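Working notes, beginning with the structure itself.
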Amino acid sequence: MTTEDSATNRAVGDAADWEERVAAAWAAFEAAPQTDAADFRARIDALVAELPADSPVGPFERACAWDSTGHSDKAVPLYRQALALGLDGYRGRRAKIQLSSSLRNIGQPEEGVKLLSPELVGVSDELDDAVRATLALCLASLGREREGLSLVLGALAPHLPRYQRSMANYARLLVEPDA
């Protein structure tokens, strides 16, 4: 094994260890809702401090911590920073969902709609329903409840044991009544 291979293996191992420690911090926070918010954010900040300064994961994790402790206003610029630094893939999609939700919370649902609408036709994964639910909330905040309900029914339909086709049709008819 070359020195470069050893360094690569160590970096990969360190990344896996870091991910495990972040997951443990979140699990502890979620298991104990009475956890002090500032202490939790400090724990996340300490983990983020281990990352390179230009890592998009750092601002994303910090945004999540602010968001989860009731501070959407502080989360928004961090989500934006993470995306601007190139956060993509699964975390990038999560960032778009969470940023849209936070934008809605601070009175900017139209930005949430603009951010999430392209996700309806993008990569499909386990976050599809979260995209639709968050987009539906943004639409409802804009007075577009029928569109939001259509999205939610469309997301729900495949999970029903029966009436899948009917619910999918009802969802479509909410926004296309002449169809």
Item to check | Principal axes of the chain: Cα extent on each, largest first, Å | outcome: 66, 39, 31
Item to check | In sequence order, calculated HN-Hα J values of the stretch 134-146 (Karplus, 6.51, -1.76, 1.60; Hz; x Gly/Pro) | outcome: 5, 4, 4, 5, 4, 4, 4, 5, 9, x, 10, 4, 4
Checklist entry - What percent do you get for the relative contact order of the chain when only Cα pairs under 8 Å and 6+ apart count? => result 11 percent
Checklist entry - Under the rule of -39500 (n - 2.57) per DSSP H run of 4 or more residues, summed and divided by the residues of the chain, what mean residue ellipticity at 222 nm is obtained, to the nearest 500 deg cm²/dmol? => result -23500 deg cm²/dmol
Checklist outcome for this item: Taking 17, 54, 178 and ranking on accessible area (1.4 Å, protein atoms only), highest first, one gets 178, 54, 17
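Using square roots of five times the C-alpha gyration tensor eigenvalues, list the equivalent-ellipsoid semi-axes of the stretch 42-141 in whole Å, biggest first. Write out the running numbers ahead of the final one.
Numbers: eigenvalues 103, 48, 22 Å².
Sorted largest first and rounded, they come to 23, 15, 10 Å.
The values are calculated or read from the model by the stated rules, or taken from the named source; none is laboratory data. Note that this is a predicted model, so its numbers are computed, not measured. When the accessible area is computed, the model is the full protein with side chains, heavy atoms only, and any ligands, DNA or RNA have been set aside. Shrake-Rupley method; radii C 1.70, N 1.55, O 1.52, S 1.80 Å.
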